[in-house]
Amino acid sequence: MFIDIPEGKDPILYVWGELVPGIGPAASAFAMSIYEHSTLGLREFEAARLRIAQINGCLFCQDWRTERDGAKVEESFDEAVAEWRTTRDFDDRTRIAAEYAERFALDHHGLDEGFWQRMRAQYSDREIAELSMCLGSWIGFGRLNRVLGLDAACVLPSHAGKA
């Protein structure tokens, strides 16, 4: 971890809540609203979120699986996300969500008319705006957690010891 955490403090709660009290709680509320208010389908939501997690390298984000109404994506979903171009496990909406996530994170200047035609064939303007806000949150906050080493403080069991 690259920030000194006082003895006995939870690193996530300390950084996101106490260290920057004028920013952290607001950032946390925005990050949580993505999960609480998203209208996107679970598979497309998770495909985009996991692709950002893979790009950011955030251990916790890669391990996390969003649950909706008791449902989660299958265990092998992260492998399908990494192979989004060729996997047979994705429908068109899920595939373009993963593509958009990757391009949003790595080549946002390269989002050309051809991409937008394909995107608009699958998503409404409202859904595009929502997905874009989700992507911005995941890139920013997942990267923040990874860069500061906070992702190792909240790693789920499958990534323990990989920090």
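Relative to the longest principal axis of the C-alpha atoms of the chain, give the angle of the C-alpha long axis of helix 113-122, reported between 0 and 90° and rounded to the nearest 10°. It is inclined by approximately 90 degrees. Its residues counted as N, the stretch 17-102 yields a C-alpha radius of gyration over 2.2 N^0.38 Å of 1.18.
Calculated FRET efficiency, Asp10 and Arg68, Cβ-Cβ r, R0 35 Å, to nearest 0.05?
Working: r = 26 Å, r/R0 = 0.75.
Computed FRET efficiency for Asp10 and Arg68 comes out at 0.85.
Each peptide in 118-131, 45-58 was scored by the mean count of other Cβ atoms within 10 Å over its residues; highest first, the order is 45-58, 118-131. Taking the simple approach of a point 7 Å from Cα along Cα-to-Cβ for both Leu19 and Ser132, what is their distance in nm? Between Leu19 and Ser132, the simple spin-label model gives 3.1 nm. Surface composition of the stretch 1-116: carbon plus sulfur atoms hold 53% of the accessible area, using a 1.4 angstrom probe and ignoring ligands, DNA and RNA. Estimated at 0.36 nm per residue, the fully extended path between Gln117 and Ile3 surpasses their Cα-Cα distance by 36.7 nm.
Once volume of the Cα convex hull per residue in Å³ is calculated for the structure shown, the corresponding label among (i) 111; (ii) 130; (iii) 184 turns out to be (ii). Once the Cα atoms are used to define both axes, helix 125-147 deviates from the longest principal axis of the chain by about 40 degrees.
The values are calculated or read from the model by the stated rules, or taken from the named source; none is laboratory data. Predicted, not measured: the structure shown is a model, and the values here were computed from it. Because the Cβ atoms are built from the backbone with ideal geometry, glycine has one as well, and the counts that use them run over all protein chains shown. Heads up: the accessible areas ignore ligands, DNA and RNA and are worked out on the full protein's heavy atoms, side chains in. Shrake-Rupley method; radii C 1.70, N 1.55, O 1.52, S 1.80 Å.
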